[in-house]
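Undergrad: Before I ask anything, let me first share the structure, which is written out below as structure tokens.
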2 protein chains.
Amino acid sequence: MISNDELARLDQQDPLRQYRSEFLLAKDSCYLDGNSLGPVSQRVVQKLQDVVTAQWQPDLIASWNKHGWIDLPLRIGDQLAAILGAESGQIACCDSTSINLFKAISAALSLSSGKSKVLTTTDNFPTDRYMIEGLSKLMDERCELVSVDEDDILNSLSDDVAVLVLTQVNFRTGQLLDMKAITQAAQEYGIRVVWDLAHSAGIVPIALDDCNVDFAVGCSYKFLNGGPGAPAFIYAAKRHLESLEQPLSGWLGHRRPFDFSPNYDASSGIAQFLCGTPSVISMSAVEAALTLYEEISVEQLREKSLSLMEVFLAQFHQSGAAEKLTLVGPRDLTQRGSQLAFEYEHAYGLCQALIKRGVVGDFRAPNILRFGFSPLYLSFQDIGFAVDQLVESLRAGEATQAINNQRSVVT
Amino acid sequence: MISNDELARLDQQDPLRQYRSEFLLAKDSCYLDGNSLGPVSQRVVQKLQDVVTAQWQPDLIASWNKHGWIDLPLRIGDQLAAILGAESGQIACCDSTSINLFKAISAALSLSSGKSKVLTTTDNFPTDRYMIEGLSKLMDERCELVSVDEDDILNSLSDDVAVLVLTQVNFRTGQLLDMKAITQAAQEYGIRVVWDLAHSAGIVPIALDDCNVDFAVGCSYKFLNGGPGAPAFIYAAKRHLESLEQPLSGWLGHRRPFDFSPNYDASSGIAQFLCGTPSVISMSAVEAALTLYEEISVEQLREKSLSLMEVFLAQFHQSGAAEKLTLVGPRDLTQRGSQLAFEYEHAYGLCQALIKRGVVGDFRAPNILRFGFSPLYLSFQDIGFAVDQLVESLRAGEATQAINNQRSVVT
């Protein structure tokens, strides 16, 4: 076992240790569910107060110009571009990840000259699959969902596939896909690639432009800490912006929305992916949360995230209690997002028992216990505490005692 | 002219006068743009603080159950149902009005057995038209936009029309359409009717069930005061819930979202219109704003709204300055929403000059000055003040002096 002194030493050497105080977290707990819902930070609290009492309240309708509300979607888009390895002008913050999937897949199909197959994985996050299904209902034979196992992606590429839709980090297993290699392999068949970054944005180094990605979507309420159900984002490569079409053509995607023209004329830029009026309050929280990335690089976060997971696994395996749980996904941490997932017969009960002990992970049906590692606010001593609680709970057999059938929520 | 004493007497007799103190508005101004963006209320400020510091902060992911976040869309839907004359279980709060239009029109088409014509007005709010255009791109000849003038709606109904999409109150002219008569006339041809309530929800008495409306959508940031860009809503009549299909089939519309099943199986209720994860912070503000309607009826608001507009017009016409401006839309106030609109050559300049004088209306291209009347926080003396400023500004010729070319924002 790594000693408490050694964990304390790791914390002392941690260049990110100062950011813990940014987050309003209880002292006696270890939050390993930031991959589902990131915690609130002081800058988000402050911004929410400002947007209500220093913007909306005194300036009312004039705030749209005076406080730049109307530019929030593209302003946050550019913040995200810097985080996701993209030139500015290619990302918009808007709507939900599901809605943005619909736009991105439609847009990708609009560039695919008659091909109809949309390839995805059987184990992709359900909404990615459901949005393809929904699009198929409208487009009939011009949009066909084809499912393969994650291991068969590369073997399933062919000239008659129009679009490949993948989530970079599997929400259940934590498996990290190779964005660059898969994108390149797919594009050799003329396939457009849509990446869902829900579980990788802001925690795994991503280079959308360098990987020549066609489209991407993602959410801002997990590792990006933008707030519960915060607005999502969409990326479209600059090379596609003049030629694509997307069908959720709301008034803010118009080239000149304030002309109130009766016919739609799409904006030439990324703004063509905007639809309705932006959700200002929620979006302001996202803007504030992302300012953290002006001080910290994703590479720094990745380095600490890998160390946190490494310490967790080392401590757990040395405890002698690890044999009951089976790690799901790659053992090589560099092939994972910032998440460990374990199969365990009584995963639900164990998850509940750990919450009572102050260690918050989550359960995914039918038998998976997930732990997310967010290096912004987790210390190595937190990890030591979490493993201690896990081991003690397993030794005490608490998992089989918990029968609370509470619903588990959010991805 | 109505004397200041008489205006003060009207205010003293106003049963809604106490609600002015709910809203955080500057004392020396008259806000006539609540039909574009409603102001902030004390209950909304309080709720936003609670959701961040008493829910998200301490309870993190557990808030989805503990604080009922997961039920927000349908819980707010039921608040709206009471306001809009609908039985519970038929409205969901979610996404934007534009996105909900897409769902509603798709759903209406899914019930229309092969008919393809979607009839709307040339002067409908642009996003209503744009969303039909977007749907047409996906559905090809199975969705065809047909435009007519507002006066020709009844003459344009026929057996080959599938869906009629109308906004109850015209965003430019303020004209109020007869929901019951038009719905009935359309349904005699087997047409499904989608009503956009953006400019009528919470201010015009509406009886969705009694009018046998098929679908409706609307926004919560105008007369409902839910906050800038707040989540919108969608209504679907109970009789359609088992047979319709809507294509924005995100994970929260699934019958059992937490099964994370690979294939979509739509919820049987109004929840099938949910798509992505709800925007909790913005939605909580809406929930708080709507609690005002537990104390006040829409009929009360309508009565005062008509009186406010009547006083405005009477004062203005008696001032001798009214001839320069032409009232747009019906002179009969009962055929208007809660909005007066005037055509004026220098409408933009006049709007800017009035803002400087503390009277906030808005400008709509090319030459319309709009004033919205929200009886929750406007007094009769406010109206007297507004007319005084309007008259003085016109007499001073301020409209032609203003050349500030600021963009005008939001519907």
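Undergrad: Against the longest alpha carbon principal axis of chain A, how many degrees, from 0 to 90 and to the nearest 10, is the axis of helix A:4-13 turned?
TA: 30
Undergrad: Please give the FRET efficiency for A:D149 paired with B:R20, using the beta carbon to beta carbon distance and R0 = 51 Å, rounded to the nearest 0.05.
TA: 0.20
Undergrad: Build a GNM of chain A with springs between Cα atoms under 10 Å: which of A:Q175, A:Q90, A:Q42 gets the top mean-square fluctuation?
TA: A:Q42
Undergrad: Given springs between every Cα pair under 10 Å in a Gaussian network model of chain B, which of B:E345, B:E87, B:E141 has the largest fluctuation?
TA: The residue that fluctuates most here is B:E141.
Undergrad: Out of all DSSP beta bridges in the range A:157-234, what portion is antiparallel? Express it as a percent rounded to 5.
TA: Counting DSSP beta bridges with both partners in the range A:157-234, the antiparallel share is about 25 percent.
Undergrad: Between A:R239 and A:Y293, how high is the FRET efficiency from 1/(1 + (r/R0)^6) when r is the Cβ-Cβ distance and R₀ = 45 Å? Nearest 0.05.
TA: The calculated FRET efficiency here is 0.95.
Undergrad: Then there is this: Where does helix A:280-290 land angle-wise versus the long Cα axis of chain A, in degrees 0 to 90, nearest 10?
TA: 60
Undergrad: Here's something else I'd like to know. For chain A, what number of Lys pairs, 8 or more residues apart or on separate chains, have alpha-carbon atoms under 20 Å from each other?
TA: So the count of such lysine pairs works out to 11.
Undergrad: Specify whether the C-alpha gyration tensor of chain B places it in the rounded, prolate or oblate class, a ≥ b ≥ c being the square roots of the eigenvalues: rounded for a/c under 1.5, otherwise prolate if a/b is larger than b/c and oblate if not.
TA: Judged from the Cα gyration tensor, chain B comes out oblate (a/c at least 1.5, b/c at or above a/b).
Undergrad: May I pose another question? At 25 °C and 0.890 mPa s, what whole-number value in µm²/s does Stokes-Einstein give for the translational diffusion of the range B:103-173, with Rh from the Kirkwood sum over Cα pairs?
TA: 200
Undergrad: Toward the positive end of the charge dipole of chain A, about the Cα centre and with charges on Cβ (Lys, Arg +1; Asp, Glu -1), which of A:T277, A:S374, A:Q318 goes farthest?
TA: A:T277
Undergrad: If exposed trypsin sites (Lys or Arg not before Pro) are those in a DSSP loop with at most 13 other Cβ within 10 Å, what is the longest stretch of chain A that has none?
TA: A:28-330
Undergrad: Please list, in order along the range A:60-75, the HN-Hα scalar couplings obtained from phi with the Karplus expression 6.51 cos²θ - 1.76 cosθ + 1.60 (θ = phi - 60°), rounded to whole Hz, x for Gly and Pro.
TA: Running phi through 6.51 cos²θ - 1.76 cosθ + 1.60 with θ = phi - 60° gives 6, 4, 5, 4, 4, 9, 4, 10, x, 4, 5, 9, 3, x, 7, 5 Hz.
Undergrad: What number comes out for the charge environment of A:F273, summing +1 per Lys or Arg and -1 per Asp or Glu over other residues with Cβ under 12 Å away?
TA: With Lys, Arg at +1 and Asp, Glu at -1, the neighbours total -1.
Undergrad: Using amide H atoms built 1.01 Å from N in the peptide plane, name the residues 5+ places from B:V328, or on other chains, whose amide H lies under 5 Å from its own.
TA: So B:V328 has HN proximity to B:A341, B:F342, B:E343.
Undergrad: Roughly how far apart, in whole Å, are the Cα centres of the range B:1-25 and the range A:52-99?
TA: When both Cα centres are located, 38 Å separates them.
Undergrad: What share of the DSSP beta bridges in the protein assembly as shown is antiparallel, in percent to the nearest 5?
TA: So the antiparallel bridges in the protein assembly as shown amount to around 55 percent.
Undergrad: For chain A, take the longest principal axis of its alpha carbons; what is the angle in degrees between that and the long axis of helix A:347-356, to the nearest 10 within 0 to 90?
TA: That helix lies at roughly 70 degrees to the long axis.
Undergrad: Shifting gears a bit: How large is the Kirkwood hydrodynamic radius of the protein assembly as shown, in angstrom, based on all distinct alpha carbon pairs?
TA: Result for the protein assembly as shown, one decimal place: 27.6 Å.
Undergrad: Rounded if a/c is under 1.5, else prolate if a/b is larger than b/c, else oblate: which is the range B:240-287, with a ≥ b ≥ c the root eigenvalues of its Cα gyration tensor?
TA: Oblate shape, in that a/c is at least 1.5 and b/c is the bigger or equal ratio.
Undergrad: Taking the Cβ of A:C211 as the centre, find all other residues whose Cβ is under 11 Å away and add up their charges (Lys, Arg: +1; Asp, Glu: -1).
TA: -3
Only the coordinates and a few stated rules stand behind these numbers; no lab work does. Computed from a predicted structure; not experimentally measured. FYI the Cβ positions are ideal-geometry reconstructions off the backbone, even for glycines, and counts take in every protein chain you see.
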